[in-house]
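Q: First, the structure itself, so that you have it in front of you.
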Amino acid sequence: MRRLVSDLYVRDNCHPFKATVLVWVQLPMWIFISVALRNFSTGAAHSEGVSVQEQLAAGGVLWFPDLTAVDSTWILPVSVGVVNLLIVEILALQKLGMSRFQMYVTHFVRAISVLMIPVAATVPSSLVLYWLCSSLMGLSQNLLLRSPAFRQLCRIPPTKSDSETPYRDLSAAFCAKFLSRK
C-alpha cells in the first residue's frame, strides 16, 4: 500500500508536504508582522526622528483615527471574526461527507474565529486592520479560485468536482444551510 501511495505521489507530483509549504511560510510571517505592528503601536520599537508610534497615532481613518488605540466601536474586531467565519463556512460548504475528524477541525476553527473577536477588541487597531486585510485577501483568494475563467486563465486543470456556476452553487448551499426553515 505504501509503495502504491508513493507511486501516486510521483506520478501526480502531489506530495503532501507541497500542500503544507505555504502554511510553513505564511503562518510565521503573519506572526512576525503582528508582533512588529504591536511593538510599533505600543512604542516598543524605537527609531530616529518622528516615531512610528506617532505616525500610527495620526494615521487612521473613519471611526479609528488612532491606530495605536483599540477600536472602541468593535467594528474592526467583529469584521475580523465574521470574515474568518465566512472563510470557514465557504470551505465547509464545498466538502460533502466530511469525516468525524474534519468535522471536529471545522468546529474548532469556527470557535477560533469567534474567539478572535474579543482578542481583536483588546489589541491596537493597526493590528486588527492588518488581520482584517489578511482575512479579506484569503476570502478573495478562495472566491477567485472558484471562478472557471480565472482557473482557465491560470492554467489550473479542471477537476471532476468543479462547477460551471460555482458562485450560484455556493449561494444556494449557503441559503440551504442557513436560511431554510426546518
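Q: For the chain, with every protein chain kept in place, what is the accessible area per residue (1.4 Å probe, Å²)?
A: Roughly 72 Å² per residue, with all protein chains present.
Q: Okay, next question. In degrees, nearest 10, range 0 to 90: what is the angle between the Cα axis of helix 2-12 and the longest Cα principal axis of the chain?
A: Value to nearest ten degrees: 70.
Q: Between Asp71 and residues 5 or more places away or on another chain, which pairs have amide H atoms under 5 Å apart, with H built 1.01 Å from N, and which residues are they?
A: Ser125
Q: Also, quick follow-up: Give the carbon-plus-sulfur fraction of the accessible surface of segment 1-145 in %, rounded to a whole number; probe 1.4 Å, heavy atoms of protein chains only.
A: 70 percent
Q: With labels modelled as points extended 7 Å from the Cα through the Cβ direction, what inter-label distance (nm, one decimal) is found for His15 paired with Gln152?
A: Calculated label separation equals 3.4 nm.
Q: In degrees between 0 and 90, to the nearest 10, how far off the longest principal axis of the chain does helix 16-42 point, with axes built from Cα atoms?
A: Tilt of helix 16-42: around 10 degrees.
Q: Please label the shape of the chain as rounded, prolate or oblate, based on the square roots a ≥ b ≥ c of the eigenvalues of the alpha-carbon gyration tensor (a/c under 1.5 means rounded; beyond that, a/b larger than b/c means prolate, else oblate).
A: prolate
Q: Hey, what angle do you get for helix 166-178 against the long axis of the chain, alpha-carbon based, 0 to 90 degrees rounded to 10?
A: Long axis of 166-178 versus the principal axis of the chain: about 80 degrees.
Q: In a GNM of the chain with a 10 Å cut-off on Cα contacts, which of Ile90, Ile156, Ile33 has the highest mean-square fluctuation?
A: Ile156
Q: Can you tally the net charge around Gln102? Count Lys and Arg as +1, Asp and Glu as -1, for every other residue whose Cβ sits under 15 Å from the Cβ of Gln102.
A: My count for the surroundings of Gln102 gives +2.
Q: Would you calculate the separation in nanometres between label points at Leu145 and Ser161, each defined as 7 Å from the Cα along the Cα-to-beta-carbon direction?
A: A separation of 1.2 nm, rounded to one decimal place.
Q: Give, in nm to one decimal, the length gained when the segment between Leu91 and Asn39 is fully stretched (0.36 nm per residue of separation minus the Cα-Cα distance).
A: 15.4 nm
Q: Is the shape of segment 77-182 best called rounded, prolate or oblate, per the rule: a/c under 1.5 gives rounded, else a/b larger than b/c gives prolate, else oblate, with a ≥ b ≥ c the square roots of the Cα gyration tensor eigenvalues?
A: oblate
Q: Something else about it: Kindly identify segment 98-142 as rounded, prolate or oblate by the Cα gyration tensor criterion: order the square roots of the eigenvalues as a ≥ b ≥ c, call it rounded if a/c is under 1.5, otherwise compare a/b with b/c, prolate if a/b is larger, else oblate.
A: oblate
Q: Please find, in a Gaussian network model of the chain (springs between Cα atoms separated by less than 10 Å), the residue of Leu27, Leu115, Leu37 whose mean-square fluctuation is greatest.
A: Ranking Leu27, Leu115, Leu37 by mean-square fluctuation puts Leu27 first.
Q: Efficiency by 1/(1 + (r/R0)^6): what FRET value for Met137 and Leu4, r their Cβ-Cβ distance, R0 = 35 Å, to the nearest 0.05?
A: Numbers: r = 38 Å, r/R0 = 1.09.
Efficiency at R0 = 35 Å is approximately 0.40.
The values are calculated or read from the model by the stated rules, or taken from the named source; none is laboratory data. Computed from a prediction, not measured in an experiment: that's the story for all the values here. Positions of Cβ are generated from backbone atoms using ideal geometry, with glycine treated the same way; all protein chains shown enter the neighbour counts. The area values use the complete protein model at the heavy-atom level, side chains included, leaving out ligands, DNA and RNA. Shrake-Rupley method; radii C 1.70, N 1.55, O 1.52, S 1.80 Å.
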